[in-house]
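These notes are about the structure you will find just below.
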There are 2 protein chains.
Amino acid sequence: MPQFDETDLTEAVVKSFDETPDPRMKLLMRELVRSLHDYVRRTGLTFEEWEKAIDFLTRTGQKSTPSRQEFILLSDVLGVSMLVDAVNHRDRAGATQTTVLGPFYVGEHKQMPHGADISEGLDGEPMYVQARITDLDGAPIAQALVDVWHADDDGFYDSQKPGYAERGPSLRARFATDADGRIAFRTILPCSYPIPIDGPVGDLILAARRHPMRPAHVHFLISAPGFEPLVTHVFIEGDKYLETDIVFGVKEELISNVELRNDAVMPDGREASGPWHWMTYEFRLKPGQGAAPRPMMAGTV
Amino acid sequence: MPQFDETDLTEAVVKSFDETPDPRMKLLMRELVRSLHDYVRRTGLTFEEWEKAIDFLTRTGQKSTPSRQEFILLSDVLGVSMLVDAVNHRDRAGATQTTVLGPFYVGEHKQMPHGADISEGLDGEPMYVQARITDLDGAPIAQALVDVWHADDDGFYDSQKPGYAERGPSLRARFATDADGRIAFRTILPCSYPIPIDGPVGDLILAARRHPMRPAHVHFLISAPGFEPLVTHVFIEGDKYLETDIVFGVKEELISNVELRNDAVMPDGREASGPWHWMTYEFRLKPGQGAAPRPMMAGTV
């Protein structure tokens, strides 16, 4: 007959998953029970705190819509998203570091020619981006497909703004590397921006006196046959939020020294209208297989 | 500059809560981060599993309404609700054991006279309930208030059925103990019943090959000045789900040997219409203070 003390109870719940046919689900549920119970025991969680947690989780689910994913946001600000990224990329010696895909990737972009301007006339400081894609030995990878996307001068992605469907994409495109593994494009300098704070997750981070900011960055998703797809960001050196990114996405190696230049001519030979920023980065892909990630719903980034 | 490995990342997230003004919130958030991260690391959670978890939690929030609380149901089937009850009742030597309040408590019931029939004419096997309320030494507590509520012969509470607001309560009432600490009432025998399985939590337990059943029981909430309010159930011996209650609420001491009687006269001197069940229980209250719990939204029980 059951007579559970605090420890027996945990073992009884773990055992209730014994007949789970899927062995991975069984392991995940049993470990989940152990983690949750250990948390309740060691914090001595009160009824009132438990009720607040139930209410918080409910509101987090109810805040989510097809274009807003509050649980991903929660995962992001608790560093869980980056940790999932980390445990799935445990062996990448010599390859470029990964970081989260984020919700503003909308699927494969339209391919644009070498040197194209992806800013679609948006206001902002001009930036010229040059990247090179190589294998672990530094040999160029030709015909690699490189999707790029980033926020505008106000911190918004095109997909966050009204009229996106009619207006079409801006600050996002796909490029293919040349024989030397290079791509280049023109755009505007992205800026740091806050994650959405009008929901339960915003309430949480503000109650914890955390700021809601992400440092400025450009997303890259790079695929080439025979290599693992690479999902990463390049951050802009000097941003004041690099050390305290609300989603913990920054890695030192991913910070680019974006130079401010006054040269009258840009690297592609075209005239500059004034000062411009020059971002350069070399990506090293890891040999292997793997499908490029699918777009996620909007949570953050 | 940040450069997080799997362990550094956890410490960085823990540290992000350093400025939380409320010390209890700070502790709860820091420990939550440690628990979540430890879970992700030791299971090696994949991206696909993480996405499934995000989707599950989102649907759990969205399934909840003012009369249906799917996150409480999740807490119940993972044994978390009973564990929160346990860690908040660590020192109860000699007092009656507690169990969860559940969602079908709707607030203080209408008081009824000693021996009243609370079945409101519902079909079912007659049951006569006698209970006595004492202190830890067995001395009777007079004028203790005893709220009782239970499911009907089909496993439903009155508040789950259409027309509840107009029809008024059934199978729920409040009694006050007499000078000898006793209450008595007539009702029908409750039966075991399933928790709601038409949501994400139902999908989860069915995928784990767990049954959704709770063993038959009567809820008691007992208050008296100078004693801690007691929230508990009395279960009916012989129920086939006593060992595997989906919410882990059973404790051996809370099982009553409900006798089937053929006496022509019930203990209150009134004639019986046929065989009847006799539930008896003695509750021992712990000296102390405390407010009676507030009703929760509908999740289970």
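Bear in mind that the values in this text are calculations on the coordinates, not laboratory data. Fair warning: this is a prediction, and the values are worked out from it, not measured in the lab. Please note: Cβ atoms are built from the backbone with ideal geometry, for glycine as well, and neighbour counts cover all protein chains shown.
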Practice item. Kindly write out, for the range A:261-272 in residue order, the coupling ³J(HN,Hα) from the Karplus curve 6.51 cos²θ - 1.76 cosθ + 1.60 (θ = phi - 60°), rounded to whole Hz, with x marking Gly and Pro. Key: 10, 10, 4, 6, 10, 7, x, 8, x, 8, 6, 8
Revision key, fill the gap. P(r) of the range B:95-187 over all Cα-Cα pairs, 10 Å bins starting at 0, rounded to whole percent, reads 15, 44, 32, 8, 0
Practice item. List the residues whose amide H sits under 5 Å from the amide H of A:Q111, counting only those 5 or more places along or on another chain, with H placed 1.01 Å from N in the peptide plane. Key: A:R174
Revision key, fill the gap. Given Cβ charges of +1 for Lys and Arg and -1 for Asp and Glu, the option among A:A264, A:G274, A:L83 whose Cα lies farthest towards the positive end of the dipole of the range A:70-284 is A:L83
Practice item. Assign one of three labels to the protein assembly as shown, namely rounded, prolate or oblate, based on the Cα gyration tensor with a ≥ b ≥ c the square roots of its eigenvalues; rounded applies when a/c is under 1.5, prolate when it is not and a/b is larger than b/c, and oblate otherwise. Key: prolate
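Can you sort B:K251, A:K15 so the residue with the fewest Cβ neighbours within 10 Å comes first? Present the calculation step by step, with values, prior to reporting the outcome.
Numbers: B:K251 20, A:K15 12.
Fewest-to-most ranking of B:K251, A:K15: A:K15, B:K251.
Given a Förster radius of 30 Å and the C-beta distance between A:V265 and A:R167 as r, what FRET efficiency does 1/(1 + (r/R0)^6) yield to the nearest 0.05? Don't jump to the answer; show the numbers that get you there.
Values: r = 31 Å, r/R0 = 1.05.
Efficiency computed from Cβ-Cβ geometry: 0.45.
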Exercise for review: Using just the helices of chain B, give the 222 nm mean residue ellipticity in deg cm²/dmol: DSSP H runs with n ≥ 4 each add -39,500 (n - 2.57), and the total is spread over all residues, rounded to 500.
Suggested key: -7500 deg cm²/dmol
Exercise for review: Provide a whole-number value for the mean count of partner chain Cβ atoms within 10 Å of the Cβ atoms in peptide B:22-28.
Suggested key: 3
Point to revise | Global geometry of the range A:198-301, whether rounded, prolate or oblate, following the gyration tensor of its Cα atoms and the 1.5 cut on a/c | key: oblate
Exercise for review: Taking the rotation that carries B onto A, look along its axis and tell me which residue of B has the beta carbon nearest to it, distance in whole angstrom.
Suggested key: B:G61, 1
Check your understanding: Taking a label point 7 Å from Cα toward Cβ, how far is B:T7 from its twins in the other copies, in nm, shortest first?
Key -> 2.7
Study note, to complete from the structure: In order over the range B:86-98: 3J(HN,Hα) from phi, Karplus 6.51/-1.76/1.60, θ = phi - 60°, whole Hz, x for each Gly or Pro, gives 5, 6, 9, 9, 6, 10, 10, 3, x, 9, 5, 5, 9
Review point. Any idea how far the Cα center of the range B:1-59 sits from the one of the range A:179-238, in Å?
Key: 20
Revision key, fill the gap. homo-copy label distances at A:P225 (7 angstrom along Cα-Cβ), nm, one dp, ascending, are 8.7
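Compute the relative contact order of the range B:70-284 as a whole-number percentage, counting only Cα pairs closer than 8 Å that sit 6 or more residues apart in sequence. Present the calculation step by step, with values, prior to reporting the outcome.
Numbers: 435 pairs, mean separation 57.5, N = 215.
Answer for the range B:70-284 is 27 percent.
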Point to revise | Amide N proximity, the range B:110-136 versus B:D91 label position 7 Å along Cα-to-Cβ, cut-off under 18 Å | key: B:136
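When DSSP beta bridges are limited to those with both residues in the range B:214-287, what percentage is antiparallel, rounded to the nearest 5? Can you show the working numbers first?
Working: 11 of 13 bridges.
For the range B:214-287, the DSSP antiparallel bridge percentage is about 85.
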Check your understanding: According to a simple spin-label model (label point 7 Å from Cα along Cα-to-Cβ), what is the distance in nm between B:L136 and A:Q130?
Key -> 8.1
Check your understanding: When the convex hull of the C-alpha atoms of the range B:158-231 is computed, what volume per residue in Å³ does it have?
Key -> 161
Review point. If packing is taken as the mean number of other Cβ atoms within 10 Å per residue, what is the order of B:200-207, B:18-25, highest first?
Key: B:200-207, B:18-25
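Set the Förster radius R0 to 56 Å, insert the Cβ-Cβ distance between B:L122 and A:E243 as r into 1/(1 + (r/R0)^6), and round the FRET efficiency to 0.05.
Details: r = 66 Å, r/R0 = 1.17.
Calculated transfer efficiency: 0.30.
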Check your understanding: Using a ≥ b ≥ c from the Cα gyration tensor of the range B:6-45 (square roots of the eigenvalues), is it rounded, prolate or oblate, where a/c under 1.5 gives rounded and otherwise the larger of a/b and b/c decides, a/b for prolate?
Key -> oblate
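Let's test the formula: R0 of 22 Å, r as the Cβ-Cβ distance of A:F156 and A:L206. What FRET efficiency results, to the nearest 0.05?
Working: r = 21 Å, r/R0 = 0.94.
That pair, A:F156 with A:L206, gives E of 0.60.
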Study note, to complete from the structure: Inter-copy distances for A:G269, label 7 Å out on the Cα-Cβ vector, sorted ascending, nm, one decimal, are 11.4
Check your understanding: Where does the Debye-calculated log10 I(q)/I(0) of chain B sit at q = 0.08, 0.12 Å⁻¹, using only Cα point scatterers of equal weight, no solvent?
Key -> -0.44, -0.87
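Need one number: the % of Cα-Cα pairs in the range A:1-155 sitting beyond the 17 Å mark.
80
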Point to revise | Under 20 Å from the B:E19 label point (7 Å along Cα→beta-carbon), backbone N, the range A:246-278 | key: A:246-250
Exercise for review: Count, for each residue of B:60-70, the Cβ atoms from other chains sitting within 10 Å of its Cβ, then give me the mean as a whole number.
Suggested key: 4
Review point. Taking each residue of A:209-221 in turn, how many C-beta atoms of other protein chains fall within 10 Å of its C-beta, and what is the average?
Key: 1
Study note, to complete from the structure: The computed P(r) of the range B:242-292 puts the percent of Cα pairs beyond 17 Å at 60
